[in-house]
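Since the structure comes first, as C-alpha cells, the remarks are kept for the end.
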Amino acid sequence: MTRADRIVVAIVAALALAAWPLAALAGASGRADIAVVTGPKGVTELRLDAPGRYAVEGLRGTVELVVEDGTVRAAESSCPDKLCVGQGRMHTPGSAIVCVPNSVTVRIGGGGDAPDAVVR
Amino acid sequence: MRRTPSYADARTLAIGAALVALGAVLGLVESAIVPPLPVPGVRLGLANLAVVLALAWLGPRRALEVSALRVLLVALAAGTLGGPGFAMALSGALAAWAAMAALARTVPGVSPLGWSVAGAASHVLAQLVVASVLSGSVAPLLLSPLSLALALLCGLAVGYSARLLLSRPPLALWARSGMGWKDGWLRDSSHAPALPVTPCSQGVPTRSRTPRS
C-alpha cells in the first residue's frame, strides 16, 4: 500500500464516518411511530402503534409489510434476492428498508405528507 | 522499449476480451451468491477486478469498454436488463470507472489498491443515489454509512487480489515488458520484480521478443 493509497483509504473511511451522523440527522427529525412507505404508485404513512399486515404494490409484485410492537419489517417480497426481508425490523427514526427490484422503500420517521393510496 | 499500441492492436483486443469475459463471469457468480448483508447493491465487487486489471494493462478507454460490456453481459444473462437493478449496476460501474480512471491519470502515487477502494466507494454511492432517484425516497441514502464501510473492505479485498494478479500475470504472454498502461510501471513498482518472459509449461507459445516496428 503506497502513501497515496493510504490517503485514498483514509478519505473513504472519513466519508463513511461522516455519513453516519448525516444519515442520523436526516432521519432524526421524524417521529419514531410513523413509517413512510414509498412505492411506484405513490407515498403513504403507516402508524407503527397499530399492528397489521400490509401489501405494497411494487414493480414486479408485492412487498408484504408487517407492523408489530412498534416496529415494521418486510415479511415477504416478490423480489429475487429478498434483501428487504433480510433487513429485519426497523423502529428508530432514520432507519430504512429498501427493496430495489420492487422500488419500494420504508423510512421510519415521517413528516406530515398527505397519504396517498398505495397500501391496501 | 516503448511500443505505442494502436487501437486495433490484436493483443490489446485479446486481453480486453478476456477481461470482459472474466468480469462477466465474476459478475454472474456474484449475482448468484447474494451476501447476507442488509444493504441492496452491496456485493463483493469481484467484477471490478477485471476493470482494475484493464485499467492497469490497457488504459482508461479500454477499461471503460470492459466495464460497460461486462455490465451489459451480466444483465443479459441474469435477465435484469432494463430494471432498476440494471440502472443501479450501470451507474455504479460508470462511477467506479470514472473515479478509478481519474485517480490513475491524475495522482501518480496511487496503486491499483487505491483505485479499487475509490472505485468501490463511488460504485456504492452512485448506486444509492440512483436508487433514491428511482424510488423517489431518501431511504436508500440513509444506508450510505454502512454501504461505504462495506465498500472500503470489499475495495481493499479486490485491490489486493488485483495486485496479486498484476504482479504475477497469469500468462507468460502477458508478462512482456512495456505491458503496463503507464509503460513499465509493472517493473518499477516495489511489489513486482522484473518479469522475465518464461516459456509456459502448458505449451502456450511465447512471443518473439523482437519488437515490431
- Of the criteria (1) surrounded by fewer than 19 Cβ atoms within 10 Å (Cβ to Cβ); (2) closer than 30 Å to B:Gly79 by Cα, which one A:Gly58 fails: (1)
- Query: How many residues does segment B:1-60 contain that are crowded, with 20+ Cβ neighbours inside 10 Å, at pLDDT 75 or above and β-branched (Val, Ile, Thr)?
  - Reply: 4
- Would you mind telling me which numbered condition in (1) charged (D, E, K, R); (2) within 11 Å of chain B (Cβ to nearest Cβ); (3) within 23 Å of A:Ala23 (Cβ to Cβ) A:Glu45 fails? (2)
- Check on A:Ala24, facing another protein chain (nearest Cβ under 7 Å) and assigned to a helix (DSSP H, G or I): no
- Message: Cβ contacts < 6 Å: first residue more than 7 Å from chain B (Cβ to nearest Cβ) and under 9 Å from B:Leu142 (Cβ atoms), restricted to segment A:92-110; second residue basic (Lys, Arg) and assigned to a loop (DSSP other than H, G, I, E, B), any location; separation 6+ or different chain. Result?
- Response: none
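Please verify whether B:Pro145 is within 11 Å of chain A (Cβ to nearest Cβ), at pLDDT below 90 and out of contact with any Leu (no Cβ under 6 Å at 6 or more places or on another chain), treating the condition exactly as stated. Spell out how you get there, then give the answer.
Working: within 11 Å of chain A (Cβ to nearest Cβ): yes; at pLDDT below 90: yes; out of contact with any Leu (no Cβ under 6 Å at 6 or more places or on another chain): yes.
Judged against the criteria, B:Pro145 is a match.
The values are calculated or read from the model by the stated rules, or taken from the named source; none is laboratory data. Note that the coordinates shown come from a computational prediction; the quantities given were computed from them, not determined experimentally. Methodologically, a virtual Cβ is constructed for each residue, glycine included, from the backbone with ideal geometry; neighbour enumeration extends over all protein chains shown.
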